[in-house]
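Notes for the one structure printed next.
The values are calculated or read from the model by the stated rules, or taken from the named source; none is laboratory data. Nothing here was measured: the structure is a model prediction, and the numbers come from that model. Counting neighbours? That spans all protein chains shown, and the Cβs are built from the backbone with ideal geometry, glycine included. The accessibility values were calculated without ligands, DNA or RNA, using every heavy atom of the protein model including side chains. Shrake-Rupley method; radii C 1.70, N 1.55, O 1.52, S 1.80 Å.
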Amino acid sequence: MASFTLPPIHDNPDGGWGPSSSNIPEQFKFKDIPYAPYSKSDKLGRFADWNDTTGDTRQTAVGLPSTRDARGPGRSRRDGAQAFGSGTASAFAYFHVEDESSFSLVDNKAAPPRRGGFTRGRATGRGGMSFANRGVAQRGGRGGFNNRGGAQRGGRKGWRDWEKTNRTRESSVAISPQWTMLEEIEFHRLAKLKLEVDEPEDIDTYGRVFAYDKSYDRITTKTERPLQLVDRIKYNTTTSDDPVIQQLVSKNVANVYTTDAILSVLMCAPRSVNPWDIVILREGNNLYFDKRDGGPFDTVTVNENASDPPQDPAPPNPNNPAEKTAVPEPPSINSATSLSLEATYINQNFGFQSVQENITADFAHPNPFYGPEETEPLASCGYRYRVFDLGITEDEDVKICIRTEVDAYVPGPGNPQEGHGLVTIRALNEFDPRAQGAGGAPDWRSKLDSQRGAVVATEMKNNSCKLAKWTVQSVLAGAELMKIGYISRGNPKDNTRHVILSTASMRPTDFAAQLNVSLANGWGIVRTITDLCMKMPEGKYVLIKDPNKSVIRLYAVPMTAFTIEDEDGEGYEGDEPESAA
């Protein structure tokens, strides 16, 4: 059995820590070494770098930067950015400096790149340099650096990504100097509000709905159907111009009056990115939430919540004479405004096309906006006027009357007037997956049938606000089903011809849970804005979402604002809104 002999232990007679100086060989004694200051950010050096050929060592002072870490090939600091004192670290390479070239490391394997960094690979055929951790080649000979002088990180962002944070949107309405800002509320404060609301009371119903054509539920990418242009009339009247609401006001059925389209924007405000505005009119003890004609409520957004949403071209600089006199180029079919108009056209025609006009269900009263002089046929649309109680206690009398809309019904045993089988119809549109603003959406024709979940997840990310508003509108209207069509361009370069690739069906409450839409939070926002406006004197106000910040602001405006009598001409009813990209 092998024996173990304890080696001799040299005690330090001075009582200090470590061996006595009398037991250290002369060649290891630290003498004639000048003091050099060093920074706390310097890396501690090695005691010894072992060599695989001679067995010798390179030694540095304990706890001080080594020559290799400070100035050698493995340096981590960029030139010109060294810490204070690190430049004098070469003074500690006192042992075997003359034999530096004879040493070689045992482990000469290249260190793996750090996550988020990059290494330089072989030059590509374009003169660029590849990213080792992403396999992406830079074109144009830019190598691994962007044109701002900094190293590109992680291979995730291109050299033009600096523009994304610098893009600014214009307000949905021009803010006049005569307006007075009364309140400013951040979105994170709105997201904390909560109010549970009971089931509504149905006041009356108007209009006529057609039966939904179930054959559209069986459409696949292999049996696509062209989208047709259907000439029908559908009204989108604002709150204060609704003759039914005017009758209900005389009966004092509620304190607040609005439509589902306007209220859904307010309830989903924390998700919104694009600017919007709501005109609020207080008369006596009543509030009216209105919209402007031609405002953002009349169009459908596209990829509003994408990381790189569609953009409109920058307006000409008035200070630049060349830009001021230049002829403006026609807008691209993939610009934000063009896509919004295209999506609005698709939504209207898909709703008109996917119903059976020979099977109808009449509500209690005819369409209130269709006059006797109208000759064009009406679209399928039913209006349900419903009252929700927003009172926190039984003594509070805060009720809101909402004009809700449904687009069709599914024939069944129930009566559509009582809410049985009612359907809302919406459409998502695909433009060009390779265009700017597509949001990384997969190709619908190849993925919609086999990987529908990936398509739905991408749309829920890029159009979170739009889908949330549609869901809230369906819940407010008491619809049993939502029909969402997937409609794509026949040719990515042509925005006039479209095809229907599929139709999805879901229950609004289930889809709200899937989207993480909290109706209690939405009602809390509505109650907060209502209380805020009720504290103000009678007059006209406008609630504006900041175009570039997650903030809403309440302004007091003159009574002539947004009307034809507005002498300044700023945002009178009928004006086209400013760019809401």
**Q.** Out of Arg426, Arg507, Arg452, sole residue that is within 22 Å of the chain's Cα centre (by Cα), of a type in the set (Lys, Arg) and closer than 29 Å to Leu263 by Cα
**A.** Arg426
Q. Which of the residues belonging to the range 371-407 are in a loop (DSSP other than H, G, I, E, B), within 38 Å of the chain's Cα centre (by Cα) and under 25 Å from Val355 (Cα atoms)?
A. Ala379, Ser380, Asp407
Q.
I'd like the full set of residues that are under 15 Å from Asn236 (Cβ atoms), open to solvent by 10 Å² or more (accessible area, probe 1.4 Å), among the hydrophobic types (A, V, I, L, M, F, W, C) and not in a helix (DSSP H, G or I), limited to the range 287-312.
A. Val300
Q.
Out of everything in the range 408-420 that is touching a residue at least 60 places away in the same chain (Cβ under 8 Å) and either under 22 Å from Thr223 (Cα atoms) or assigned to a loop (DSSP other than H, G, I, E, B) (or both), what residue ends up being least open to solvent (accessible area, probe 1.4 Å)?
A. Gly419
Q | Which listed residue is touching a residue at least 24 places away in the same chain (Cβ under 8 Å) and closer than 18 Å to Ile484 by Cα, from Ala361, Ala343, Ala336 | A | Ala343
Q: Identify all residues within the range 224-255 that are assigned to a helix (DSSP H, G or I), without any contact (Cβ under 8 Å) to a residue 60 or more places away in the chain and open to solvent by less than 80 Å² (accessible area, probe 1.4 Å); write none if there are none.
A: Ser240, Val249
Q: Say whether the condition of being modelled with pLDDT under 95, surrounded by fewer than 21 Cβ atoms within 10 Å (Cβ to Cβ) and of a type in the set (Lys, Arg) is met by at least one residue in the range 499-520.
A: no
Q | Odd one out for Gly284 among (1) farther than 18 Å from Ile402 by Cα; (2) surrounded by 15 or more Cβ atoms within 10 Å (Cβ to Cβ); (3) out of contact with any Leu (no Cβ under 9 Å at 6 or more places or on another chain); (4) of a type outside the set (Val, Ile, Thr) | A | (2)
Q) Which condition does Thr205 not pass, out of (1) within 33 Å of the chain's Cα centre (by Cα); (2) open to solvent by 10 Å² or more (accessible area, probe 1.4 Å); (3) β-branched (Val, Ile, Thr), if it passes all the others? A) (1)
